[in-house]
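Throughout, read-outs are computed from the coordinates displayed, never taken from laboratory work. Note that the structure is a prediction, hence the values are computed from the model and not measured. Glycine also receives a Cβ, built like all others from the backbone with ideal geometry; neighbour counts cover every protein chain displayed.
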Amino acid sequence: MKRYFSYFFIFSLFSFSFLSAQVNEKDLRKISYNEILLAAAKYENNYELQSKYANLYLSKARLEKNNTTIVKGFFMLALINEKDVAIKYLDSTIKYSKKIGDLKFSMMSYYQKAITLDNMRRFKEAISNYILTEEYAKKSNDLDYYYQAKLAIAIIKSEDMGETEEALVLFRQCYKFYKKDIDNYKDEYLKLIFSVADSYKTMQVLDSTSYYNVLGYKESKRLENEKMNSLFILNEGANQVLKKNYLASIDSIKKAFPLIKKNDDIGNILASYYYLGKSYQGLNDAKRAVENYAKVDSIYRLREYITPEFVDGYYYLIDYHKKNNDDKKQLFYLNSLISIDSVFQVNYKQLSKKLKNDYDIPHLIQEKETIIKGLHNDKKANYWIIGILGLTVVLSLVIMQHLTNQKKQYKQRFETLMQQNKTESLNAEVEEKEEESTDLGIPEDVVVAILKQLTVFENKKQYLKPNITISDLATTFETNSKYVSIVINAKKQKSFSNYINDLRIDHAVAELKNNKEMRKYTIAAIAEEVGFNTSESFSKAFFKRTGIKPSYFMKELSLS
């Protein structure tokens, strides 16, 4: 289907009949640009006539050597045409808009080119043009285009490239922007909350998913958006499946389903049946699980639509009918799976690879056995090779799983650090306890005096002084180092060295969160700034205190 340019439609529709297919130079000079646009606006759904008027517009612009209107002529033709032809016209638009220094048209042209490439599934090129859109939007101070481009990149990363964590960073940035002006961006605001929640669900950060689903539920109620409200209920139902709260999941999905069905929202009707199937599967209710997974297949066959998220049910259906010796049903769903794989080969290449690896294993095993039977010489050596290869695969999977889990842990720890109050010290996690019943072997007035001096020491940030020792502290406090050590161990519940290191790390975290200039420092420079002698000792203390490395913390800060 052709995409007809909306640029023409901003004008009122008047009758206009004297333009013909052939217009001589004299007539062309007499006709105004607005007359051409008004004529074109009459033929909203007629590609041939709109193309004629767009070419007429460009011809007049070229005749008059007017670069501004030449840009508009090429842009019209780009919006009428599709794919490579549209890109050719957009390249001309970009060339002429740069010539006249029109930042807005350069921005619009890069954005339209990115959309065209996106629709052609040329994602790498699309992202490059979305980035150029962002650059020109910055120069033009056009925040709408800037965040539209950023959001488009996030969607490609999330839906087409499987880069959920990278997409989440962009979704959160867009969410912050649209949140500032909810009245003008109600739909975008709610959709961004949903995207953030859905990204956390994909990453299986389930508590964060619930947080944003609840936020979205409340906000969609407040903004009276019934459709989005049902989606947040459904999404939390899907999240409860992952939490293995199957009854809660079923309850949520059934609440959301009537409105989703009423809106004929195919993607979320599929999601409803799929997650109901997963819930009943979790409850070991095979009959209801099969019923709901079969409905997913029925919709796929009727609408020819499905996404990789909903494929798991086919494995369950195939195995269920295999166990029940129903060869016809088993073959039926196996054929569906093969058909879906052919769709994914076109639309989800990376995900189709996973699908093949998951389901072609029996065929690979059969092929392997055939090869083994043909090998008569040195069978023992071959078995050893096969065993080693198998062990290598297992070890690789274990390592990959470990790295994935570590990455998730780091992300959660970073989020925890960021959610803490800017003025809140991490040291607040251990409160000073009243020890009236415990005899420290020190006069009570001395203990009170040391604690007061420690408070002053912390408030004045004297811990940033390098090479500080407990003797230095005792001298400053006019007492002995043994008393200082006993009080810190009893009241702060840590050794002197850990006490000093924790204060320094708390300070470094707060400074990095609040001081963008400090983020440009090297690790060694930050270490020196907060009193450590080496970057190694700083990194070790930072990891011990926060559970993440300082380099990771700084990288995530730069993305947030």
Taking F457, F123, F75, F105 and counting other C-beta atoms within 10 Å, the order from fewest to most: F123, F457, F105, F75
Using 0.36 nm per residue of separation minus the Cα-Cα distance, give me the extension gain between D327 and L451 in nm, one decimal. 36.8 nm
For D327, D142, ascending order of other Cβ atoms within 10 Å (fewest first) is D327, D142
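Would you please name the GluC sites (Glu not before Pro) within the stretch 202-248 that are DSSP coil residues with at most 10 other C-beta atoms within 10 Å of their C-beta?
E224
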Among the listed pairs K150/K261; K186/K262; K98/K179; K244/K295; K186/K244; K261/K329, which are separated by more than 29 Å between their Cα atoms? K150/K261; K98/K179; K186/K244
Expressed as a whole number of Å, what is the distance separating the alpha-carbon centroids of the stretch 271-297 and the stretch 96-141? 44 Å
Centroid-to-centroid separation of the stretch 437-462 and the stretch 479-517 [C-alpha atoms, Å]: 14 Å
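Report the FRET efficiency, 1/(1 + (r/R0)^6), for A525 and Q409, where r is their Cβ-Cβ distance and R0 is 25 Å, rounded to 0.05.
Approximately 0.35, to the nearest 0.05.
Which loop-located GluC sites (Glu not before Pro) does the stretch 438-527 contain, where loop means any DSSP state but H, G, I, E or B and the Cβ has at most 14 other Cβ atoms within 10 Å? Walk me through the intermediate numbers first.
On the way: sites: E444, E458, E478, E511, E517; in loops: E478, E517.
Sites meeting the loop and neighbour criteria: E478, E517.
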Förster radius 60 Å - calculated FRET efficiency between L557 and N34 (Cβ-Cβ, nearest 0.05): 0.70
Starting from the Cα-Cα distance between L49 and I338, subtract it from 0.36 nm times their residue separation and give me the gain in nm to one decimal. 99.7 nm
What's the exposure ranking of K191, K255, going from fewest to most Cβ atoms within 10 Å? K255, K191
As an exercise, use a Förster radius of 25 Å and the Cβ-Cβ distance of R122 and E166 to find the FRET efficiency, rounded to the nearest 0.05. 0.85
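Starting from the Cα-Cα distance between A286 and K243, subtract it from 0.36 nm times their residue separation and give me the gain in nm to one decimal.
Fully extending the segment from A286 to K243 adds 13.5 nm.
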Gyration tensor verdict on the stretch 128-224 (Cα atoms; rounded if a/c is under 1.5, prolate if a/b is larger than b/c, oblate otherwise): oblate
